Amino acid sequence: MTKIRIKTYDRIVEESLTLFNEQGERSISTNHIAAHLGISPGNLYYHFRNKEEIVHQIFLQYRRFISERMSVPPERELSIDDLVNYLDTAFQAMWRFRFMFYDLPGLLARNPQLQSEYHQFVNSELKNILGRHFRAFIRLGLLKMDEDDIESITVNIWLVVKFWFAFEQTAHPKAAITEASSRRGVKQVLTLLKPYVQPDFMTAFAALRARYSE
């Protein structure tokens, strides 16, 4: 079997993500990354001028992950199962790129390029994606809400998703953050949506929430 060789550039990005998730971005330097990979600092600097460029590439991965997996399929209408699939995707992204959300304000303050692109993504791309989801679920008859409610509930859901792991850390300071934390986050978002669910879908919605109960 032929062994696939991963380019040094891609290895730097992937292993940096692992180190940042495990130890926090602030505590990891480019020298730490180079030593972890078994390459010289000069080799790393050949690909990236500084750590901020590595973080930026990881953010681009996060943006692609969200944009591709949460896009509304053009060939069919959404179903109630799509609701949980999208929430799963949001929390999977949070788990895979969790270091970004441990100290997001500080991370953005140290990286002006990331700050600009992050805000553009959240305030434009992500807002539009979620708006299309809600309008599709309204057409389906799953949810009932006014157009003016869409932006407000979108912001509330994004707040829960973005700060969920930080909340878990403060609520359970002695417990490690795990993927089980994500399941509690999905259930919390479903609770936010419950007042908007229509009677014909309430039984199916309750079954979905039950899947995320511990």
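The values are calculated or read from the model by the stated rules, or taken from the named source; none is laboratory data. As the structure is a computational prediction, the values presented were derived from the model and not from experiment. Don't worry about glycine lacking a Cβ; one is built from the backbone with ideal geometry, like all the others, and counts go over all protein chains shown.
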Quiz item: Give me the pairs: first residue in segment 140-169 and free of Cβ contacts under 8 Å to residues at least 40 places away in the same chain and assigned by TED's automatic domain parsing to the domain that holds Ala206, second residue among the hydroxyl-bearing types (Ser, Thr, Tyr) and in a helix (DSSP H, G or I), beta-carbon distance under 6 Å, and six or more apart or on different chains, which are they?
Solution: Glu168/Ser181
Quiz prompt | Residue tally, condition of a type in the set (Gly, Ala, Ser) and touching a Ser or Thr at 6+ places or on another chain (Cβ under 8 Å), over segment 5-62 | solution = 1
Quiz prompt | From Leu44, Leu83, residue being touching a Leu at 6+ places or on another chain (Cβ under 9 Å), modelled with pLDDT under 90 and not in a loop (DSSP other than H, G, I, E, B) | solution = Leu83
Practice problem: Inspect all residues belonging to segment 124-134 and state whether any of them is in a helix (DSSP H, G or I), touching a residue at least 12 places away in the same chain (Cβ under 8 Å), of a type in the set (A, V, I, L, M, F, W, C) and closer than 21 Å to Gly24 by Cα. | Solution: no
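Yes/no per residue for (1) modelled with pLDDT of 95 or more; (2) in contact with a helix residue (DSSP H, G or I) (Cβ under 9 Å, 6 or more places away or on another chain); (3) in a helix (DSSP H, G or I); (4) not β-branched (Val, Ile, Thr):
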residue	(1), (2), (3), (4)
Thr2	no, no, no, no
Ile12	yes, yes, yes, no
Glu15	yes, yes, yes, yes
Leu19	yes, yes, yes, yes
His32	yes, yes, yes, yes
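Give the residue, chosen from Leu143, Leu83, Leu114, that is in contact with a Phe, Trp or Tyr (Cβ under 6 Å, 6 or more places away or on another chain), within 20 Å of Arg209 (Cα to Cα) and buried (at least 16 other Cβ atoms within 10 Å of the Cβ).
Leu143
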Quiz item: Looking at this structure, is Ile177 in contact with a Gly (Cβ under 7 Å, 6 or more places away or on another chain), over 19 Å from Phe59 (Cα atoms) and either of a type in the set (Val, Ile, Thr) or outside any helix (DSSP H, G or I) (or both)?
Solution: no
Quiz item: (1) at pLDDT 90 or above; (2) surrounded by 14 or more Cβ atoms within 10 Å (Cβ to Cβ); (3) not acidic (Asp, Glu): which one isn't true of Gly131, the others all being true?
Solution: (1)
